[in-house]
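Written out below as structure tokens is the structure these notes cover.
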2 protein chains.
Amino acid sequence: MGGMDRIRLARVAVNWLAEPGNWAAYRMVATDGPVRALERMVDGDVPDPGLRTAVAARLGSGDPYAVADAAAERAGRLGARIVVPGDDEWPGHVGDLTRLALDTERRVDRETAPPLCLWVRGRLDLAGTLDRAVAVVGARAASAYGLHVAGELGFGLAERGWAVVSGGAFGIDAAAHRAALNADGPTVAVLACGLDRPYPVGNTALFDRIADTGLLVSEWLPGQEPLRHRFLIRNRVIAAVTAGTVLVEAAARSGATQTMRRALGIGRRAMVVPGPVTSAMSVGCHELLREHPDARLVTGVPHVLEEVGRIGADLAPVARTPEQPRDLLDDQAAQLLEALPRRGSIGLDSLAARAGVDVRTAMRKAARLEQLGFVVRRDDGYALAPKPRGSAPSGDRPA
Amino acid sequence: MGGMDRIRLARVAVNWLAEPGNWAAYRMVATDGPVRALERMVDGDVPDPGLRTAVAARLGSGDPYAVADAAAERAGRLGARIVVPGDDEWPGHVGDLTRLALDTERRVDRETAPPLCLWVRGRLDLAGTLDRAVAVVGARAASAYGLHVAGELGFGLAERGWAVVSGGAFGIDAAAHRAALNADGPTVAVLACGLDRPYPVGNTALFDRIADTGLLVSEWLPGQEPLRHRFLIRNRVIAAVTAGTVLVEAAARSGATQTMRRALGIGRRAMVVPGPVTSAMSVGCHELLREHPDARLVTGVPHVLEEVGRIGADLAPVARTPEQPRDLLDDQAAQLLEALPRRGSIGLDSLAARAGVDVRTAMRKAARLEQLGFVVRRDDGYALAPKPRGSAPSGDRPA
């Protein structure tokens, strides 16, 4: 398996077999660890019928071990790396995606599980860069007004030391990136395809500039195509890795609404720039402001900082401090924490049994405990997080 | 006292002595009736020290009886009439202004008592016209965008049978009136000066058109000047006579904010049109939307109708139906209602004593009962409202 360890490559392979965001795959990896989960998938031992069908279809098109190997090789040539949970630069707050409710019939709205791994191109540290980050998103067919506002936001945020995160599309996304680059600030493009073929090709020069001084990020393997539904699945990562998302322009019933709902669902700020009521490109923004009482109208960088600054004060320290007072935990979380062995790790089933909670709850609470820095997830289950933070946290590390 | 009855002229004189909106004067008229209240004011028998001083100053500049007579004569020549509570065309829902809290130091924010009388020019019935009315207000220095939106709203509302209410200023006010006139709809200009000298003179042709097919309304006597603070005091009437107020454009910290707070304070809809964040003329609108959770973002006539339609369904029938189920009343209101004599009227003090509630509460509840159509206010106190509505309701009628 090339130059990467098998755990890392197993995550890549599972991601390829199941497509990013799949909850059943996420649960298998959480319970069995990525290596065993991959083996079970290859053997057809997949409890979830939807995932079983999808995996079977994908298995028909290639050998997952070989696909992962080839992807790693291709990424190596590109100067890209794979980042997984447990790595120092893994952005732990994507774990908040476990909070997202699944009350929907649309596949792209159901596929909201946290990412299993992220491909990254660029010299910056991923977690460090995302520590103070705001997403600026909006329509491809942006108006001159929208482009102007996106530029003001991108420049102003970068100037004040905030990373600008967006997709890679024409319009608002590109305007925000360009302005952040012009302010010499870090900018992060989260793509819905392989990093070797960033889409759209018309933004190739922009992607190269971003890779030079910022970061290109994707859940998809090098070589994978920007299929339509992948953009919507990608959006949850943009919402999760940032303190808040600003929507600059959106047409009626735009996909951006979904990103905003996700941001709100995981406790991020959803901010919306109003515009002329005569502009079709602001209809989606006004819809959001009317329909979501928690979506906040913002008119510029000071308003945005007011929102995410609050988050910074409230949540960022949580992610940074592994020693949270235990009395903040609810009963089940506390039971799980007490049931963890002093040394070594324990599988989820055993942990649930020792703690006296059901496996489903145990998984949810354990994810929350991980995110709060109390526990770490290893290949063979959960373990108490070492203190202080920064020392070897997990077995799931680069080889 | 000319061709008008003394009660009517007494209200005019009190309004002149005390200036519209003064709570102390409103309370004296509510307790003693306008004729006795005026006598007490002329005698210097005014409990409120601020009002006492103001009345004394005004008395030095003229005889209130003569001033009222002269105003009535001047109005007669102009084809204007005076409308008072108890008249069929009195817009009873201005009584909701009694709900406004007085937690402020600014005089223009404290002077929020319901009007004592209204001068009206135009052929339409005042109450009938205001039965389905929306205020469209905003900046004088409006942008082309704001003028366009005000025009769309004015035209669309008029077309759907809603009266458009506004001030008489350049900019948003004038654009809304003009559009309503162009749709052959009723439009109502509420002025802050005498009807014989509508301000600004540049809108004279517009005022003439409004007087022809709509209504010009003012609390101030013919001849009185449009003093700066009078506009802010006038604003409460615009808020109170309509089902809701739409703010189209406003600069930062604009007086329009005050109108919107008043609308919200008396249960009217406060609606705000967003605009480009790059426009100084939308800063006040965005401020309001950010600071007042109850202010509603609207982008056009359908949104406005959605808001005021709800009000129409909820509140308008209340104003139209004197026989409300009594079990909707709170204890004190029910006690007051039971304490009213079957025939004739009773002074507020006696009523309060019979009902066993304090005078302050009695006044507040009685105003609410009046507004709900249970009681009518007469010269000498309160009386049970006759049923059905429409038969001679009060002693305070045209001579």
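The values are calculated or read from the model by the stated rules, or taken from the named source; none is laboratory data. Bear in mind the structure is a predicted one, so any value in this text is a computation, not a measurement. We place every Cβ from the backbone using ideal geometry, glycine too, and count neighbours over all the protein chains shown.
Among the conditions (1) touching a Leu at 6+ places or on another chain (Cβ under 6 Å); (2) in a helix (DSSP H, G or I), A:LEU195 misses just one, which is (2). When A:ALA169, A:ALA163 are checked against the criterion of being of a type outside the set (Ser, Thr, Tyr) and touching a Leu at 6+ places or on another chain (Cβ under 8 Å), a single residue qualifies: A:ALA163. When B:ALA256 is tested against (1) surrounded by fewer than 22 Cβ atoms within 10 Å (Cβ to Cβ); (2) more than 15 Å from the chain's Cα centre (by Cα); (3) away from chain A (no Cβ under 14 Å), only condition (1) is not met.
Name the residues in the range A:48-75 that are within 17 Å of A:ARG8 (Cβ to Cβ) and within 22 Å of the chain's Cα centre (by Cα), would you? Talk me through it step by step, then tell me what you get.
So the first thing to find is which residues in the range A:48-75 are within 17 Å of A:ARG8 (Cβ to Cβ), and the list is A:64-75.
Passing the criteria: A:ALA68, A:ALA71, A:ALA72, A:ALA75.
Which one of these is under 30 Å from A:THR278 (Cα atoms) and modelled with pLDDT of 95 or more: A:LEU232, A:LEU247, A:LEU191? Give the derivation first.
On the way: A:LEU232 fails: modelled with pLDDT of 95 or more; A:LEU191 fails: under 30 Å from A:THR278 (Cα atoms).
None of the other options fit; the residue is A:LEU247.
Specify the residue that is farthest from the chain's Cα centre (by Cα); the eligible residues are those in the range B:360-399 that are assigned to a strand (DSSP E or B) and modelled with pLDDT under 70. Give the steps one after another, and end with the answer.
We begin by selecting, within the range B:360-399, every residue assigned to a strand (DSSP E or B); these are B:375-378, B:381-384, B:389, B:391.
Of the ones still in play, those that are also modelled with pLDDT under 70 are B:389, B:391.
Values: B:ARG389: 21, B:SER391: 24 Å.
Out of the qualifying residues, it is B:SER391.
In the list B:GLY146, B:GLY122, B:GLY154, which residue meets the criterion of being in contact with a Leu (Cβ under 8 Å, 6 or more places away or on another chain) and surrounded by 22 or more Cβ atoms within 10 Å (Cβ to Cβ)?
Working: B:GLY146 fails: in contact with a Leu (Cβ under 8 Å, 6 or more places away or on another chain); B:GLY154 fails: in contact with a Leu (Cβ under 8 Å, 6 or more places away or on another chain).
Testing whether each residue is in contact with a Leu (Cβ under 8 Å, 6 or more places away or on another chain) and surrounded by 22 or more Cβ atoms within 10 Å (Cβ to Cβ) leaves just B:GLY122.
The single condition from (1) touching a residue at least 60 places away in the same chain (Cβ under 8 Å); (2) touching a Leu at 6+ places or on another chain (Cβ under 7 Å); (3) within 14 Å of chain A (Cβ to nearest Cβ); (4) more than 14 Å from B:ALA139 (Cα to Cα) that B:PRO276 fails is (2).
Answer with yes or no whether B:VAL165 is under 26 Å from B:VAL283 (Cβ atoms) and either among the small types (Gly, Ala, Ser) or crowded, with 20+ Cβ neighbours inside 10 Å (or both).
Details: under 26 Å from B:VAL283 (Cβ atoms): yes; either among the small types (Gly, Ala, Ser) or crowded, with 20+ Cβ neighbours inside 10 Å (or both): yes.
Here the answer is yes, as B:VAL165 does meet what is asked.
Just one residue in the set A:ASP45, A:ASP87, A:ASP32, A:ASP69 is in the same structural domain as A:ALA13 (by TED's automatic domain parsing) and part of a loop (DSSP other than H, G, I, E, B); that residue is A:ASP45.
Might you let me know whether the range A:56-71 holds any residue that is surrounded by fewer than 21 Cβ atoms within 10 Å (Cβ to Cβ), modelled with pLDDT under 95 and of a type in the set (Ser, Thr, Tyr)? The answer is yes; a qualifying residue exists. Right, A:LEU297: touching a Pro at 6+ places or on another chain (Cβ under 7 Å), at pLDDT 95 or above and under 21 Å from A:VAL188 (Cα atoms) or not? Spelling it out, it is not the case that A:LEU297 is touching a Pro at 6+ places or on another chain (Cβ under 7 Å), at pLDDT 95 or above and under 21 Å from A:VAL188 (Cα atoms). Among what's in the range A:259-293 and is hydroxyl-bearing (Ser, Thr, Tyr) and part of a loop (DSSP other than H, G, I, E, B), pick the residue that is surrounded by the most Cβ atoms within 10 Å (Cβ to Cβ). Filtering first and then ranking leaves A:SER279.
When the test is whether a residue is surrounded by fewer than 19 Cβ atoms within 10 Å (Cβ to Cβ) and closer than 20 Å to B:ARG236 by Cα, B:ARG296 does not pass it. Within the range A:352-377, being in contact with a Pro (Cβ under 9 Å, 6 or more places away or on another chain) and either surrounded by 20 or more Cβ atoms within 10 Å (Cβ to Cβ) or among the aliphatic types (A, V, I, L, M) (or both) holds for A:ALA367, A:GLU370, A:LEU372, A:PHE374, A:VAL376, A:ARG377.
In the set A:GLY92, A:GLY44, only one residue is surrounded by 17 or more Cβ atoms within 10 Å (Cβ to Cβ) and in contact (Cβ under 8 Å) with a residue 12 or more places away in the chain; that residue is A:GLY92. Apart from one condition, A:ALA174 fits all of (1) out of contact with any Phe, Trp or Tyr (no Cβ under 9 Å at 6 or more places or on another chain); (2) small (Gly, Ala, Ser); (3) part of a loop (DSSP other than H, G, I, E, B); the exception is (3). Could you tell me whether B:ILE233 is in contact with a Gly (Cβ under 6 Å, 6 or more places away or on another chain), not in a strand (DSSP E or B) and not small (Gly, Ala, Ser)? So B:ILE233 passes the test. Which ones in the range B:156-200 are touching a residue at least 40 places away in the same chain (Cβ under 8 Å) and among the acidic types (Asp, Glu)? The answer is B:ASP196, and nothing else. Working carefully through the options B:ALA211, B:ALA250, B:ALA189, B:ALA239, find the one that is in a helix (DSSP H, G or I), aliphatic (A, V, I, L, M) and closer than 18 Å to B:ALA150 by Cβ. So the residue among B:ALA211, B:ALA250, B:ALA189, B:ALA239 that is in a helix (DSSP H, G or I), aliphatic (A, V, I, L, M) and closer than 18 Å to B:ALA150 by Cβ is B:ALA239.
In the range B:98-141, the residue that is farthest from B:ALA362 (Cα to Cα) out of those that are at pLDDT 95 or above and part of a helix (DSSP H, G or I) is B:THR129.
Pull up the range A:2-47, narrow it to residues that are under 17 Å from A:TRP119 (Cα atoms) and among the acidic types (Asp, Glu), then point me to the one that is farthest from the chain's Cα centre (by Cα). By that ranking, first place goes to A:ASP5.
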